[in-house]
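The values are calculated or read from the model by the stated rules, or taken from the named source; none is laboratory data. Everything quoted here is computed from the prediction, not taken from an experiment. Glycine gets a Cβ as well: all are built from the backbone with ideal geometry, and neighbour counts include every protein chain shown. To get the accessible areas, we keep the full protein, side chains included, count just its heavy atoms, and leave off ligands, DNA and RNA. Shrake-Rupley method; radii C 1.70, N 1.55, O 1.52, S 1.80 Å.
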Amino acid sequence: MESAASLPSSLGRWTLVASILGSSMAFVDGSVVNVALKAIEHDLGGGLASQQWVVDAYLLTLGSLILVGGSLGDIFGELRVFGIGVAFFAVASILCAAAPNATTLIVFRGIQGVAGALLTPASLAMLTATFSGAARGAAIGQWTAWSGISFVIGPTLGGWLVDASSWRVIFLINVPIALATLVLVLRLGGMKQPRRTDLRVDLPGAVLGVAGLGLLVAGFIEQPHRGWSDTLVAGGLVGGLVLLAAFVVYELHAPMPMLPLRLFRLRNFSVTNVETLAVYGALSGLSVFLTLFLLTFSGYSALRAGVALLPITVVMFFLSPRTGKLAMQYGPRLFMAAGPIIAGGAVLAYARLPQHPDYVVDILPALLVFAVGLSLTVAPLTTTVLSDASAGDAGVASGVNNAVARIAGLLAVAVLGIAAAGGADHLTVRGFHVTMAVVAAMLVCGGLIGAAGIRNPST
């Protein structure tokens, strides 16, 4: 794609719209199922472990294959891969809506994650290839804001659909969005991009990554009702770690690795990804377990539970684009340090949330402060991780950061489930309080990592 200087403003604008529309499906589906988990359990059966798998099957394939998606964008063209991913996502969403049982739904959620792994890194790489300088910072800020909004608005929209119709409808809403996005991709000439013949896909690395993460997550999810000594739990944890170690060794020696470890020699790139692991893991833990708490103990309907998180959307809508611009102007360090610490202090209030909370007194104030902290963090974080990479590494750099964010959510839901269950196969009040304390600690650690490790470009 051409540089922003030679692009008609309308073309850049439509590229931004297409990128936001397509990626919003992937982000919405990362959170929309949260408010539907009780309805899915009632319809298809299963306990907390099944609910975790419905969330994590999507995050597993999305997180572990998103690096492959970034590489495919570099090889075949980001617009082309983006369009294929959008179409594939629509088909997978229809399959999820038609799932006859919990096991089938989990499998189809995994397929949905594969499609998300194609379109997510390509959507951000499109902006990096289209815009430059301050315009790139503003575009990424808008993309980040809408992506965050999509993740948070998912429960509100999903709750309304679950209460008004069925949990199956939350997947069908992706179809018209996908069709509109594909029209824009065709208008932008996305299927006519030339292929780069000097690159290839790292299939062995992809297999090792998926298998390693899958075994590790299976061990954590199954631990509460099987115990640490169970063969599946112990074997999954050990086998997952061994395969992930093999993945790192292979990537160090592969001629064209999907995870170019040389990028981690860049200070800001490395530190930002570590902070991403803490912040996005905490975000997933908060959204999943706070929603389950409200549905399970507080008597909230799916819609009410979704609306409860809506203030995050409003705050992020107004603050994130402005934060992205300010971080480009003054440097990201202050934002990436203060944001998570503010958010962590807010979440700590939920470690003593009463079983039947007053929304205005017990939930809303902390939620607003959390939203401010998150808004200070997400746009500078995304901009920083891409600023350290060269233009030729835009796709894979985007893929690495998105992979870290999704894997963070994947591991957080699996590991925090051990504390949340309290030795049972369902959420407990005490388990929720412990989980929120851990989430708060994760956020504060993320802020301290940013404060200690991030360097502003001028320093």
Report task. Provide, in order from the shortest bin, the percent of all Cα-Cα pairs of region 193-277 in each 10 Å bin, continuing until the bin that contains the maximum pair distance. Result -> 17, 31, 32, 16, 4, 0
Query - Packing rank of 52-59, 96-103, 85-92, 13-20, where each peptide gets the mean count of other beta carbons within 10 Å, highest leading - result: 52-59, 85-92, 13-20, 96-103
Requested in this report: With only alpha-carbon atoms counted, please give the Rg and Dmax of region 1-143, in Å.
Outcome: 17.0, 56
Query raised in the report: What are the ³J(HN,Hα) values, in whole Hz, obtained from phi via the Karplus relation 6.51 cos²θ - 1.76 cosθ + 1.60 with θ = phi - 60°, for each residue of region 306-323 in sequence order, with x given for Gly and Pro?
Result: x, 5, 4, 8, 4, x, 4, 4, 4, 5, 5, 4, 8, 8, 4, x, 5, 5
Report summary line: Correct semi-axes for region 304-391, from √(5λ) of the alpha-carbon gyration tensor and rounded to whole Å with the largest first, are 29, 13, 10
Report task. Whenever you get a sec, compute what percent of the accessible area on the chain sits on carbon and sulfur atoms (1.4 Å probe). Result -> 69 percent
Report task. Can you tell me the 0 to 90 degree angle between the C-alpha axis of helix 231-253 and the longest principal axis of the chain, rounded to 10? Result -> 10 degrees
Query raised in the report: Among [x] 28.0; [y] 23.7; [z] 19.6, which is the computed mean projected area of the Cα convex hull in nm²?
Result: [z]
Report task. Show LYS38, LYS325 ordered by accessible area, largest first, where the area counts protein heavy atoms only and the probe is 1.4 Å. Result -> LYS325, LYS38
Report summary line: Expressed per residue, the solvent accessible area of the chain in Å² (1.4 Å probe) is about 37 Å²
Report summary line: With LYS38 itself left out, Lys, Arg at +1 and Asp, Glu at -1 over residues whose Cβ is under 14 Å from its Cβ give -2
Requested in this report: Using a 1.4 Å probe and ignoring any ligands, DNA or RNA, find the accessible area of ARG267 and quote it in Å² to the nearest 10.
Outcome: 120 Å²
Requested in this report: Could you calculate the contour length gain from ARG430 to PHE264, that is, 0.36 nm times the residue separation minus the distance between their Cα atoms, to one decimal place in nm?
Outcome: 55.9 nm
